[in-house]
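Everything on this sheet refers to the single structure shown next.
The values are calculated or read from the model by the stated rules, or taken from the named source; none is laboratory data. None of the values given here were measured: they were computed from a predicted structure. For neighbour counting, all protein chains shown are included, and Cβ atoms are generated from backbone atoms with ideal geometry for every residue, glycine included.
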Amino acid sequence: MLNDLKKDAEARMGKSVESLKGDLTKIRTGRAHPSLLEHITVDYYGSEVPLSQAANISVGDARTLAVTPWEKQMVPVIEKAIMKSDLGLNPVTAGEVIRIPLPPLTEERRKDMIKVVRHEGENAKVAIRNIRRDILSDVKTLLKEKEITEDQDRQTQDEVQKITDKYVALVDKVLQEKEKDLMEI
């Protein structure tokens with residue numbers, strides 16, 4: 001029973017870290033990467049779909065993305081969606097291919113990005129702490145119902161805290177890597 005709770009905590013905290021990694025891939029560094037456009041949705045015959053379902057996204061060179069829509073009439077729709085996104089990109093259309101040059105990040109923009117990264121990291125840490133709180137609440141309930149002893153309660157609390165510390169440290173490591181990546185010129 002207690003082992004199940006600890007495994008649940010590990011699994012949920014691991015998902016929080018993975019979610020953070022996914023969120024951080026959307027924050028652009030100086031390099032072109034197709035995942036930058038993953039969260040952009042386009043109107044495709046009346047329904048909102050991810051850009052990757054309406055076009056092929058490829059890397060032209062280190063600072064350029066190329067978007068090739070499946071259908072020619074989708075070019076202006078995709079171009080508009082990219083412009084409206086929060087990425088600050090200006091697509092250039094050449095026939096059926098939309099090229100997206102990624103401007104180099106200024107020092108000020110890098111610092112803004114780091115603030116966003118730290119905010120995302122703090123959200124991940126809060127999620128991990130909330131999972132810890134939920135698990136410890138379940139343990140307290142078991143103690144009240146006399147299904148476990150006080151010693152087991154204390155030991156489980158210590159183990160859950162160690163698991164929490166491990167995942168918070170993992171979040172810190174992911175944040176350091178992203179900050180280092182952002183500060184590279």
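Restricting attention to region 36-47, the residues being in a strand (DSSP E or B) and closer than 21 Å to G22 by Cα number 2.
Entry remark, region 148-171: residues being surrounded by fewer than 12 Cβ atoms within 10 Å (Cβ to Cβ) and acidic (D, E) number 3 in total. A search for C-beta distances below 6 Å between a residue of region 171-185 that is within 15 Å of V116 (Cβ to Cβ) and part of a loop (DSSP other than H, G, I, E, B) and any residue that is modelled with pLDDT of 85 or more and basic (K, R), counting only pairs 6+ apart in sequence or on different chains, returns nothing. State whether the residues of region 7-14 include one that is outside the structural domain of K173 (by TED's automatic domain parsing), surrounded by 13 or more Cβ atoms within 10 Å (Cβ to Cβ) and not in a strand (DSSP E or B). Within region 7-14, not a single residue is outside the structural domain of K173 (by TED's automatic domain parsing), surrounded by 13 or more Cβ atoms within 10 Å (Cβ to Cβ) and not in a strand (DSSP E or B). Residue check: is D134 over 22 Å from the mean Cα position of the chain (by Cα) and in the same structural domain as V168 (by TED's automatic domain parsing)? Spelling it out, D134 is indeed over 22 Å from the mean Cα position of the chain (by Cα) and in the same structural domain as V168 (by TED's automatic domain parsing). Condition (residue is among the β-branched types (V, I, T), outside the structural domain of L136 (by TED's automatic domain parsing) and not in a helix (DSSP H, G or I)) applied to region 76-92: is it met by at least one residue? Yes.
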